[in-house]
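This report concerns only the one structure given below.
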Amino acid sequence: MIYVYNNEGLHDTLLCIATKRTDAVIETIEKDAAVVLMQNQEIIGYNILNASTKLDIKFTGLLLEDEPAFNKQIALLLTNADIALPNIEAEIKQQFIIGSVEQKQKHPDSDKLSICQVDLKGEVLQIVCGAQNIEQGQKVVVAKIGSMMPTGLLIEPSILRKVASNGMICSGKELNLAAEFNNKGILVLPSTAPVGTGFYEYFKKEMI
(Lines give C-alpha, C1' and ligand atoms only; values in the text may rest on other atoms or scores of the structure.)
Protein backbone atom coordinates (compact mmCIF):
# COMPACT_ATOMS: atom_id res chain seq x y z
CA MET A 1 0.00 0.00 0.00
CA ILE A 2 1.17 3.54 -0.74
CA TYR A 3 0.01 6.39 1.47
CA VAL A 4 -0.32 10.12 0.79
CA TYR A 5 -0.96 12.51 3.67
CA ASN A 6 -0.90 16.30 3.61
CA ASN A 7 -2.97 17.73 6.44
CA GLU A 8 -3.11 21.23 4.99
CA GLY A 9 -3.57 20.33 1.34
CA LEU A 10 -5.84 17.31 1.79
CA HIS A 11 -7.78 18.49 4.86
CA ASP A 12 -6.70 15.66 7.18
CA THR A 13 -7.47 12.96 4.62
CA LEU A 14 -5.15 9.98 4.21
CA LEU A 15 -5.06 8.59 0.67
CA CYS A 16 -4.36 4.86 0.58
CA ILE A 17 -3.41 3.63 -2.88
CA ALA A 18 -3.62 -0.12 -3.40
CA THR A 19 -3.15 -0.44 -7.15
CA LYS A 20 -2.76 1.59 -10.32
CA ARG A 21 -5.87 3.35 -11.56
CA THR A 22 -7.22 2.75 -15.05
CA ASP A 23 -9.52 4.82 -17.24
CA ALA A 24 -12.57 2.99 -15.90
CA VAL A 25 -15.16 4.83 -13.82
CA ILE A 26 -14.27 5.03 -10.12
CA GLU A 27 -17.06 3.95 -7.79
CA THR A 28 -17.13 4.99 -4.14
CA ILE A 29 -18.60 3.26 -1.11
CA GLU A 30 -18.85 5.47 1.97
CA LYS A 31 -18.19 3.86 5.33
CA ASP A 32 -17.69 5.44 8.75
CA ALA A 33 -14.00 4.56 8.77
CA ALA A 34 -13.16 5.29 5.13
CA VAL A 35 -14.39 5.91 1.62
CA VAL A 36 -13.66 2.80 -0.45
CA LEU A 37 -12.58 3.41 -4.07
CA MET A 38 -13.34 0.71 -6.63
CA GLN A 39 -12.83 0.09 -10.34
CA ASN A 40 -14.16 -2.93 -12.21
CA GLN A 41 -15.43 -4.35 -8.90
CA GLU A 42 -11.93 -4.32 -7.39
CA ILE A 43 -10.69 -2.14 -4.54
CA ILE A 44 -8.05 0.33 -5.73
CA GLY A 45 -7.74 2.36 -2.54
CA TYR A 46 -9.31 4.23 0.35
CA ASN A 47 -9.74 7.80 1.52
CA ILE A 48 -9.64 7.96 5.32
CA LEU A 49 -11.28 11.19 6.48
CA ASN A 50 -10.22 12.90 9.73
CA ALA A 51 -7.25 10.57 9.63
CA SER A 52 -5.33 12.16 12.51
CA THR A 53 -8.17 11.23 14.89
CA LYS A 54 -8.08 7.57 13.82
CA LEU A 55 -4.39 6.89 13.17
CA ASP A 56 -0.95 7.76 14.52
CA ILE A 57 0.46 9.55 11.45
CA LYS A 58 4.10 10.59 11.66
CA PHE A 59 4.79 11.59 8.06
CA THR A 60 3.75 14.20 5.51
CA GLY A 61 3.70 13.61 1.78
CA LEU A 62 4.24 10.27 0.09
CA LEU A 63 5.02 7.12 2.09
CA LEU A 64 6.30 4.38 -0.22
CA GLU A 65 8.30 2.30 2.21
CA ASP A 66 6.96 -0.85 3.79
CA GLU A 67 6.08 0.30 7.31
CA PRO A 68 4.73 -2.74 9.19
CA ALA A 69 3.50 -0.74 12.19
CA PHE A 70 1.52 1.70 10.05
CA ASN A 71 0.23 -1.09 7.82
CA LYS A 72 -1.11 -2.80 10.95
CA GLN A 73 -2.92 0.40 11.97
CA ILE A 74 -4.61 0.57 8.56
CA ALA A 75 -5.48 -3.12 8.54
CA LEU A 76 -6.97 -2.92 12.04
CA LEU A 77 -9.02 0.18 11.20
CA LEU A 78 -10.42 -1.34 8.02
CA THR A 79 -11.00 -4.80 9.48
CA ASN A 80 -12.85 -3.40 12.50
CA ALA A 81 -15.06 -1.46 10.09
CA ASP A 82 -15.74 -4.64 8.10
CA ILE A 83 -13.97 -3.23 5.04
CA ALA A 84 -12.18 -5.71 2.79
CA LEU A 85 -8.43 -5.46 2.28
CA PRO A 86 -7.24 -5.45 -1.36
CA ASN A 87 -4.71 -7.55 -3.18
CA ILE A 88 -1.80 -5.10 -3.17
CA GLU A 89 0.31 -4.74 -6.30
CA ALA A 90 3.95 -3.75 -6.14
CA GLU A 91 3.66 -2.24 -9.64
CA ILE A 92 2.44 1.10 -8.35
CA LYS A 93 5.79 1.73 -6.66
CA GLN A 94 7.25 1.84 -10.16
CA GLN A 95 5.25 4.85 -11.32
CA PHE A 96 8.16 7.22 -10.60
CA ILE A 97 10.82 6.15 -13.09
CA ILE A 98 14.33 7.30 -13.94
CA GLY A 99 14.37 8.58 -17.51
CA SER A 100 16.87 10.01 -19.97
CA VAL A 101 16.04 13.21 -21.87
CA GLU A 102 16.82 12.12 -25.42
CA GLN A 103 15.50 15.23 -27.17
CA LYS A 104 14.55 18.75 -26.16
CA GLN A 105 12.99 21.29 -28.46
CA LYS A 106 11.41 24.68 -27.95
CA HIS A 107 7.63 24.74 -27.74
CA PRO A 108 6.33 26.53 -30.87
CA ASP A 109 3.80 28.53 -28.87
CA SER A 110 5.63 29.30 -25.62
CA ASP A 111 8.99 30.76 -24.64
CA LYS A 112 8.91 28.99 -21.27
CA LEU A 113 7.98 25.45 -22.32
CA SER A 114 10.10 22.68 -23.83
CA ILE A 115 8.94 19.54 -25.61
CA CYS A 116 11.00 16.60 -24.38
CA GLN A 117 11.30 13.00 -25.53
CA VAL A 118 12.18 10.97 -22.45
CA ASP A 119 13.41 7.38 -22.67
CA LEU A 120 12.31 5.09 -19.82
CA LYS A 121 14.09 2.05 -21.29
CA GLY A 122 11.80 0.52 -23.85
CA GLU A 123 9.25 3.32 -23.63
CA VAL A 124 9.66 6.90 -24.84
CA LEU A 125 7.29 9.54 -23.50
CA GLN A 126 6.67 13.01 -24.88
CA ILE A 127 6.51 15.42 -21.94
CA VAL A 128 6.06 19.17 -22.05
CA CYS A 129 8.23 20.71 -19.32
CA GLY A 130 8.35 24.26 -17.97
CA ALA A 131 11.58 23.95 -15.96
CA GLN A 132 14.33 26.26 -17.15
CA ASN A 133 17.11 23.81 -16.24
CA ILE A 134 15.89 20.94 -18.43
CA GLU A 135 18.53 19.82 -20.95
CA GLN A 136 19.07 17.00 -23.41
CA GLY A 137 21.14 14.16 -21.95
CA GLN A 138 19.98 14.60 -18.36
CA LYS A 139 18.77 11.79 -16.13
CA VAL A 140 15.49 12.83 -14.54
CA VAL A 141 12.54 11.49 -12.55
CA VAL A 142 9.35 10.92 -14.51
CA ALA A 143 5.91 10.58 -12.94
CA LYS A 144 4.03 8.37 -15.36
CA ILE A 145 0.35 8.65 -16.18
CA GLY A 146 -1.65 7.38 -13.21
CA SER A 147 0.97 8.39 -10.63
CA MET A 148 -0.17 10.04 -7.41
CA MET A 149 2.03 12.94 -6.31
CA PRO A 150 2.71 13.63 -2.60
CA THR A 151 0.22 16.51 -2.79
CA GLY A 152 -2.50 14.13 -3.93
CA LEU A 153 -2.32 15.31 -7.56
CA LEU A 154 -3.05 12.53 -10.05
CA ILE A 155 -0.92 12.68 -13.20
CA GLU A 156 -3.08 12.51 -16.30
CA PRO A 157 -2.51 13.01 -20.04
CA SER A 158 -2.69 16.68 -20.93
CA ILE A 159 -2.48 19.12 -23.82
CA LEU A 160 -0.26 22.15 -23.21
CA ARG A 161 -0.59 24.83 -25.87
CA LYS A 162 -1.81 22.23 -28.40
CA VAL A 163 1.03 19.78 -27.66
CA ALA A 164 0.39 16.41 -25.98
CA SER A 165 2.18 15.70 -22.71
CA ASN A 166 2.20 12.20 -21.20
CA GLY A 167 3.68 12.45 -17.73
CA MET A 168 5.66 14.92 -15.65
CA ILE A 169 9.36 15.52 -15.11
CA CYS A 170 9.62 16.09 -11.37
CA SER A 171 11.41 18.50 -9.08
CA GLY A 172 12.74 17.50 -5.68
CA LYS A 173 10.00 19.54 -4.03
CA GLU A 174 7.28 17.79 -6.03
CA LEU A 175 8.73 14.46 -4.86
CA ASN A 176 8.64 15.67 -1.24
CA LEU A 177 12.40 15.26 -0.84
CA ALA A 178 14.58 16.96 1.77
CA ALA A 179 15.58 20.60 1.28
CA GLU A 180 19.03 19.66 -0.05
CA PHE A 181 17.34 18.17 -3.14
CA ASN A 182 14.96 21.09 -3.65
CA ASN A 183 17.00 23.24 -6.01
CA LYS A 184 15.03 25.39 -8.42
CA GLY A 185 13.78 23.45 -11.42
CA ILE A 186 13.65 19.73 -12.02
CA LEU A 187 15.71 17.23 -10.05
CA VAL A 188 18.74 16.28 -12.15
CA LEU A 189 20.12 12.85 -11.23
CA PRO A 190 23.72 11.64 -11.53
CA SER A 191 24.68 10.54 -15.04
CA THR A 192 25.09 6.99 -13.72
CA ALA A 193 21.43 6.71 -12.66
CA PRO A 194 19.99 3.60 -14.38
CA VAL A 195 17.26 4.41 -16.91
CA GLY A 196 14.02 2.50 -16.38
CA THR A 197 14.63 1.92 -12.66
CA GLY A 198 12.13 2.96 -9.99
CA PHE A 199 13.32 6.28 -8.57
CA TYR A 200 12.57 5.74 -4.88
CA GLU A 201 14.42 2.43 -4.82
CA TYR A 202 17.44 4.10 -6.44
CA PHE A 203 17.20 7.16 -4.18
CA LYS A 204 17.24 5.08 -1.02
CA LYS A 205 20.31 3.10 -2.12
CA GLU A 206 22.39 5.74 -3.88
CA MET A 207 21.44 9.27 -2.83
CA ILE A 208 20.78 9.20 0.91
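The values are calculated or read from the model by the stated rules, or taken from the named source; none is laboratory data. Just so it is clear, the model here is predicted, and its values are computed rather than measured. In this analysis, Cβ positions are derived from the backbone assuming ideal geometry, glycine residues included, and neighbour counts consider all displayed protein chains.
Restricting attention to region 38-75 and to residues that are at pLDDT 85 or above and among the aromatic types (Phe, Trp, Tyr), the residue that is nearest to Gln95 (Cα to Cα) turns out to be Tyr46.
Yes/no matrix, rows are residues, columns are (1) more than 20 Å from Lys72 (Cβ to Cβ); (2) of a type outside the set (Gly, Ala, Ser); (3) at pLDDT 85 or above; (4) not assigned by TED's automatic domain parsing to the domain that holds Gln73:
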{"residue": "Gly9", "(1), (2), (3), (4)": "yes, no, no, no"}
{"residue": "Thr13", "(1), (2), (3), (4)": "yes, yes, yes, no"}
{"residue": "Thr22", "(1), (2), (3), (4)": "yes, yes, no, no"}
{"residue": "Ala33", "(1), (2), (3), (4)": "no, no, yes, no"}
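Counting residues in region 122-143 that are crowded, with 16+ Cβ neighbours inside 10 Å, touching a strand residue (DSSP E or B) at 6+ places or on another chain (Cβ under 9 Å) and under 22 Å from Cys16 (Cα atoms) gives one or more.
Looking at Ser114, Ser147, can you tell me which residue is crowded, with 20+ Cβ neighbours inside 10 Å and within 17 Å of Leu63 (Cα to Cα)?
Values: Ser114 fails: within 17 Å of Leu63 (Cα to Cα).
Just a single option satisfies the conditions, and that option is Ser147.
Report yes if Ile83 is in the same structural domain as Gly9 (by TED's automatic domain parsing), in contact with a strand residue (DSSP E or B) (Cβ under 8 Å, 6 or more places away or on another chain), outside any helix (DSSP H, G or I) and surrounded by 13 or more Cβ atoms within 10 Å (Cβ to Cβ), otherwise no.
So Ile83 passes the test.
Sort out which residues of region 93-145 are assigned to a strand (DSSP E or B), among the basic types (Lys, Arg) and in contact with an Asp or Glu (Cβ under 9 Å, 6 or more places away or on another chain), and write them in order of number. Result: Lys104, single match. Here is the figure for region 143-157: residues that are within 14 Å of Phe199 (Cα to Cα) and of a type in the set (D, E, K, R) total 1. Of the residues examined, Pro194 is not one that is under 24 Å from Asn47 (Cβ atoms), touching a residue at least 12 places away in the same chain (Cβ under 8 Å) and not in a strand (DSSP E or B).
Suppose the filter is over 23 Å from Tyr3 (Cα atoms), surrounded by 15 or more Cβ atoms within 10 Å (Cβ to Cβ) and outside the structural domain of Leu15 (by TED's automatic domain parsing); does Leu187 pass it?
Numbers: over 23 Å from Tyr3 (Cα atoms): no; surrounded by 15 or more Cβ atoms within 10 Å (Cβ to Cβ): yes; outside the structural domain of Leu15 (by TED's automatic domain parsing): yes.
Answer is no for this residue.
Taking region 1-46 as the range and being outside any loop (DSSP other than H, G, I, E, B), more than 22 Å from Glu174 (Cβ to Cβ) and in contact with a Phe, Trp or Tyr (Cβ under 8 Å, 6 or more places away or on another chain) as the test, the residues that pass are Val35, Val36, Leu37.
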